[in-house]
Amino acid sequence: MQTSLAEYDVLAIDPLQSPYPYFFPPEQDAEKPGLFPMPPCKGITLEEATIDQLQGYMSSGILSAVDLLKCYTKRMWQVDEYINSVLEYNPDAEDIAAALDDERKAGKVRGPLHGIPFLVKDNIATKDQMETTAGSWMLLGSVVPRDAHVVAKLRQAGAVLMGKATLSEWADMRSNNYSEGYSARGGQARSPYNLTLNPGGSSSGSAAAIAANVVSFSLGTETDGSVINPAERNAVVGIKPTVGSTSRAGVIPESAHQDTVGTFGKTLRDAAYAFDAIYGIDERDNYTVAQTGRTPSGGYLQYLTNKSALQNATFGIPWDSFWVYADADQQAILLSLISLIESYGATIINHTELPNYETIVSPTGWNWDYGTTRGFANESEYTVVKVDFYNNIAAYLSELENTQIRGLEDIVAYNYANDGTEGGNPWPLGISAFYSGQDGFLASLETKGIMDETYYQALAFCQQSTREDGIDAALANGGRPVDALLVPPDVGQTYQIAAQAGYPMITLPVGTHVETGMPFGLALMGTAWSEGELLKWASAIEDAQFSSAGRGGGRMLPNWYGYLEKNIPVRNL
């Protein structure tokens, strides 16, 4: 029997007479979606509601932006003790929502995001009462000079900034053996699908919040996999744009050559609304100038289509490059989706390989130092990122007020001085969540940011081998070109190659592993500035999934496996 929210009387001596199922998870519903049912919002079913549906409720007066924010906030309090997706709640959120309601009453609606709550990863600056710390205590109290460009654009679009999402501390730069989704300030973010396993990172909370219906969309950042990986491990859509498509100004950096800001949503349209609002040229990020003449007049939403578009599609399957590393569960379900795509008229060409995959694709899983593993530091992505981070973080810190942290030397010293919370030393001297301590920072510190011959050789190799000699060559397919490459993103080498190239990817939810309940997806890979085409084909595939229940997989509600377990660090499975 479901609880009527009217039975909750805040003025009573004992306000809560019926604790189940909204206020306390009933044990008998463990490992079922019903463990944490979402309360109705003024009679509206908010769970899995799309942005278009929410706009319909607000435009008809059924809900206001304040109502929507309050309902999502109650959802946050309902589930976040378990998944820890929100690091900090915005004290201005309700005032923002109220002001946007006033605008709507006055006849001004800014667009499809007007009044829609969202989260940003805690390495994205907000010039408000919230902190921007990358999950580290050392930046607490520091003052940023301005909103990150992407945040400013979302404010202009009328979205309601609800708070900051948890993340892997310093976006995974600090350690090479760590608990994904953990930070000293934020604690452990967890996936609602399985709270005992790796939730995906480093934009862990950004994805988990969408998976658990805490907000409608969110922002994350990616250097190598940090949008695609948590998206597919939380059964949500992730859009990772071309480097330079979204500004990194105001984002705590890792590598200017690979950093990009991406979006999450339960549906492709929801994630696309957010991407459409944040892309564009920004004078504070000169990489964005490269998009001149390469982005569409009228924005990206015009590319969204339906399954009928598949009749004109040709997709490539880089089987030996990537698919062979997917487990049997994934292969079976993903190939069923491939068959569904074919049934709607698409042409599928197998073995559209990256010509040099045997050299650049690690056979043992994601490894951003694979060049060095092969004996060639001058062919390693990590060689580039280590140097970039030393320089890029100093540039970011130079703009902060009210902090003594000015460079990587200060960061390393702080972690050593606060070993019990920040884990400067490897376990067991530090903390188990940062098992290898801060070896990533130490490796970067050793470079002193010097762009030597090895650095430039590594940069040239990584870009050439993954662009012209890699993804572009696979797309060209020896004269029989394909529109996009379809890959299993649970195979980390997929997004690793796209990251080195600076090329876009989109992942769609498809299924879950039988034994663990953890989700996986299907991703589309394209060349630089091909976001429009990828959105076209991804929306067509998603529509085919929606139209063919049971055949093409898709997003399923989480089962909250292991919801009573505390597991820091989480197992990397």
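The values are calculated or read from the model by the stated rules, or taken from the named source; none is laboratory data. All values derive from a computational prediction rather than experimental measurement. Note that we place each Cβ from the backbone using ideal geometry, even for glycine, and neighbour counts take in every protein chain shown. Heads up: the accessible areas ignore ligands, DNA and RNA and are worked out on the full protein's heavy atoms, side chains in. Shrake-Rupley method; radii C 1.70, N 1.55, O 1.52, S 1.80 Å.
So here's what we get for this one:
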read-out: Square roots of five times the Cα gyration tensor eigenvalues for the chain, Å; value: 34, 29, 24
read-out: Heavy-atom accessible surface of region 470-570: percent carbon and sulfur, 1.4 Å; value: 52 percent
read-out: Accessible heavy-atom area order of K566, K386, highest first, probe of 1.4 Å; value: K566, K386
read-out: Local net charge near S18, Cβ-Cβ under 14 Å (Lys/Arg +1, Asp/Glu -1); value: -3
read-out: Probe 1.4 Å - accessible area at E342, Å² to nearest ten; value: 90 Å²
read-out: Residues of the chain: accessible area per residue with a 1.4 Å probe, Å²; value: 36 Å²
read-out: Counting DSSP beta bridges with both ends in region 51-547, the antiparallel % (nearest 5); value: 70 percent
read-out: Reachable aspartates and glutamates, given that their alpha-carbon falls under 18 Å from the alpha-carbon of K108 and they are not under 8 places away in the same chain; value: D52, D95
read-out: Accessible heavy-atom area order of R374, R110, R248, highest first, probe of 1.4 Å; value: R110, R374, R248
read-out: Whole-percent carbon and sulfur share, accessible surface of region 298-340, 1.4 Å; value: 46 percent
read-out: Surrounding net charge for N367, when Lys and Arg each add one and Asp and Glu each subtract one, Cβ distance under 11 Å; value: -2
read-out: Prolate/oblate/rounded call for region 469-537, Cα gyration tensor, a/c under 1.5 rounded; value: prolate
read-out: Global form of region 1-145, assessed from the alpha-carbon gyration tensor, a/c cut-off 1.5; value: oblate
read-out: The chain: Cys lacking any partner C-beta under 4.7 angstrom; value: C462
read-out: The chain - mean residue ellipticity at 222 nm from DSSP helices (-39,500 (n - 2.57) per run, n ≥ 4, rounded to 500); value: -9500 deg cm²/dmol
read-out: Fraction of accessible area attributable to carbon and sulfur, region 107-246 (%, probe 1.4 Å); value: 47 percent
read-out: Three semi-axes of the equivalent ellipsoid, region 23-81, Cα gyration tensor, whole Å, largest first; value: 25, 12, 9
read-out: Area of R185 that stays accessible when all protein chains are in place (1.4 Å probe, Å², to 10); value: 40 Å²
read-out: Vicinal HN-Hα couplings computed from phi for region 75-89 (Karplus, 6.51 cos²θ - 1.76 cosθ + 1.60; Hz; Gly/Pro x); value: 5, 4, 5, 5, 10, 7, 4, 9, 9, 6, 8, 10, 7, 8, 8
read-out: Kirkwood-type radius of region 320-468, with distances r between different C-alpha atoms, in Å; value: 18.7 Å
read-out: Accessible area of S297 in the full protein assembly, 1.4 Å probe (Å², nearest 10); value: 110 Å²
read-out: Order of exposure, largest accessible area first, which applies to Y82, Y193 with probe 1.4 Å; value: Y82, Y193
